[in-house]
Amino acid sequence: MFFNIFFVGLLVWAAICAILISVADFRRRIIPDAYLFPLMLIALLLIAFYGWPINLTDAAIGATFGYLMSAFVGFVFDWHIRKKNPDTIAPIGLGDIKLIGIGGLWLGTNGLGIALVLACVGGILWARIKKQKYIPFGPFFIIGAILSLIINSILL
């Protein structure tokens with residue numbers, strides 16, 4: 001009984017962190033570590049004690065791949081854009097990179113791929129509709145991650 005209440009409490013805490021990340025990214029275009037690290041801790045607790053949503057091996061591979069892949073893409077784009085115009089802002093922030101790494105921890109490699117595709121499609125649609133040049137990626141990634149969790153729960 002206690003473990004079920006603890007499980008639900010962890011999921012509620014993760015949902016609150018996800019909402020706070022989305023709000024902060026929309027308002028200030030920054031993802032504070034104060035919301036990212038609890039989300040990472042919750043994922044580790046859920047994987048270690050409940051084996052949910054994925055096993056530890058896939059979580060470690062997903063987190064490593066998500067962080068390294070997004071850091072590589074972010075730094076390459078940042079270098080390429082700043083080479084042409086040094087006054088521009090980075091296309092992907094370190095908060096987004098850490099969020100994608102934590103998403104890999106929650107989703108594993110397969111779920112991370114689904115979440116990234118959904119997040120990119122959602123972000124592109126949002127940018128086209130709102131006619132914005134810069135978009136906050138965090139809320140779109142969180143929506144994609146939630147949809148990926150649902151898709152993986154149904155299919156697996």
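The values are calculated or read from the model by the stated rules, or taken from the named source; none is laboratory data. This one's a predicted model, so the numbers in the text were calculated from it and none came from an experiment. Every residue, glycine among them, receives a Cβ derived from its backbone with ideal geometry; neighbour counts consider all protein chains shown.
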**Request:** State all residues of segment 25-40 that are assigned to a helix (DSSP H, G or I) and within 14 Å of the chain's Cα centre (by Cα); if no residue qualifies, say none.
**Result:** Asp25, Asp33, Tyr35, Leu36, Phe37, Pro38, Leu39, Met40
**Prompt:** Of the numbered conditions (1) surrounded by fewer than 17 Cβ atoms within 10 Å (Cβ to Cβ); (2) at pLDDT below 95; (3) not β-branched (Val, Ile, Thr), Leu68 satisfies every one except a single condition; which is it?
**Reply:** (2)
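Results for (1) in a helix (DSSP H, G or I); (2) modelled with pLDDT of 95 or more, shown as yes or no for each residue.
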{"residue": "Ala60", "(1), (2)": "yes, yes"}
{"residue": "Val73", "(1), (2)": "yes, no"}
{"residue": "Asp78", "(1), (2)": "yes, no"}
{"residue": "Pro86", "(1), (2)": "no, no"}
{"residue": "Ile97", "(1), (2)": "yes, yes"}
{"residue": "Ile100", "(1), (2)": "yes, yes"}
{"residue": "Leu105", "(1), (2)": "yes, yes"}
{"residue": "Ala115", "(1), (2)": "yes, yes"}
{"residue": "Ala119", "(1), (2)": "yes, yes"}
**Asked** Any idea which of (1) in contact with a Ser or Thr (Cβ under 9 Å, 6 or more places away or on another chain); (2) of a type outside the set (Asp, Glu); (3) closer than 15 Å to Ile21 by Cα; (4) surrounded by fewer than 23 Cβ atoms within 10 Å (Cβ to Cβ) is the one Asn110 doesn't satisfy?
**Response** (3)
**Residues satisfying the stated conditions in segment 9-24, i.e. within 13 Å of the chain's Cα centre (by Cα) and not aliphatic (A, V, I, L, M)** = Cys17, Ser22
**Message:** I want to confirm something. Restricting to segment 127-139 and keeping residues that are part of a helix (DSSP H, G or I) and not β-branched (Val, Ile, Thr), which single residue is nearest to the chain's Cα centre (by Cα)?
**Reply:** Gly138
**Request:** Please name all residue pairs, on different chains or six or more residues apart, with Cβ atoms under 8 Å, provided the first residue is in segment 84-97 and is touching a residue at least 40 places away in the same chain (Cβ under 8 Å) and closer than 11 Å to Ile30 by Cβ and the second residue is hydrophobic (A, V, I, L, M, F, W, C) and assigned to a loop (DSSP other than H, G, I, E, B).
**Result:** Gly93/Ile30; Gly93/Ile31; Gly95/Ile30; Gly95/Ile31; Asp96/Ile31
**Options Ala59, Ala90, Ala119: the member that is in contact with a helix residue (DSSP H, G or I) (Cβ under 7 Å, 6 or more places away or on another chain), within 27 Å of Asn4 (Cα to Cα) and of a type outside the set (Asp, Glu)** = Ala59
**Message:** If the requirement is being under 17 Å from the mean Cα position of the chain (by Cα), closer than 22 Å to Leu45 by Cα and assigned to a helix (DSSP H, G or I), which of these qualifies: Ile124, Ile142?
**Reply:** Ile142
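Suppose we keep only residues that are assigned to a helix (DSSP H, G or I), out of contact with any Pro (no Cβ under 9 Å at 6 or more places or on another chain) and not aromatic (Phe, Trp, Tyr) within segment 41-58. Which one would you say is surrounded by the most Cβ atoms within 10 Å (Cβ to Cβ)?
Restricting to residues being assigned to a helix (DSSP H, G or I), out of contact with any Pro (no Cβ under 9 Å at 6 or more places or on another chain) and not aromatic (Phe, Trp, Tyr), the top hit is Ile42.
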